[in-house]
Amino acid sequence: MKEKRNLKIQAIENGTVIDHIKAGQALNVLRILGISSAFRATISFVMNALGARGKKDVVKIEGKELSVEELNRIALISPKATINIIRDFEVVQKNNVVLPSYVEGVVRCINTNCVSNSSEPIKSKFSVLQSEEEGVTLCCLYCEHIISENIAENLL
């Protein structure tokens, strides 16, 4: 009889754990955080893990706490994510990401004729909507174009 083994990710002493990321979005979270092979701290991530609410991704980052801008970007692609701040191997703070009602200079409008895609020095601006059925939807405040899919691919 085969013995079952649970593989565990090493605990981090200080840093951030991003849990309940929408399944398949962990690599986009790493991209949002600017984490590449040059990043020297320990990073662990799990994709498509089975959790109590279905499949999820998890990202652990040693020595990093997230900025409000990073949290807003994560909320756009995974509005049910939770952020756990770790100090001395203990969770000292646990919060859900908060979906902003408005973002500026964060997402590129997919309408090529939008003024935000011209040579004008204008930052993109979107109102942010969320529904249980459709997830996150962005509406460009210049051209009213709607983005409801592939938001991660259009992050600036």
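The values are calculated or read from the model by the stated rules, or taken from the named source; none is laboratory data. Small disclaimer: the values here were computed from a predicted structure and weren't measured. When we count neighbours, we look across all protein chains shown, and the Cβ atoms used for this are built from the backbone with ideal geometry, even at glycine.
Key figures for this structure:
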item	result
Check on L138, assigned to a strand (DSSP E or B), over 13 Å from I18 (Cβ atoms) and either in contact (Cβ under 8 Å) with a residue 60 or more places away in the chain or not basic (K, R) (or both)	yes
Pair list, Cβ < 8 Å and 6+ apart or interchain, from the range 101-128 residues that are touching a residue at least 12 places away in the same chain (Cβ under 8 Å) to residues that are hydroxyl-bearing (S, T, Y) and part of a helix (DSSP H, G or I)	R108/S116; C109/S116; I122/S116; K123/S116; S124/S116; K125/S116
Strands (runs of 3 or more DSSP E) (entirely within the range 35-103) containing at least 3 residues that are farther than 13 Å from G15 by Cβ and modelled with pLDDT under 90	43-51
Residue in the range 21-34 that is touching a residue at least 60 places away in the same chain (Cβ under 8 Å) and part of a loop (DSSP other than H, G, I, E, B) present	yes
Top-ranked residue of the range 104-123 - restricted to ones that are within 13 Å of L155 (Cα to Cα) and assigned to a loop (DSSP other than H, G, I, E, B), ranked as nearest to the chain's Cα centre (by Cα)	V106
Boolean, V91 is β-branched (V, I, T), within 18 Å of the chain's Cα centre (by Cα) and not assigned by TED's automatic domain parsing to the domain that holds I147	no
Matching residues in the range 59-77 - criterion: being more than 8 Å from the chain's Cα centre (by Cα) and among the polar types (S, T, N, Q)	S67
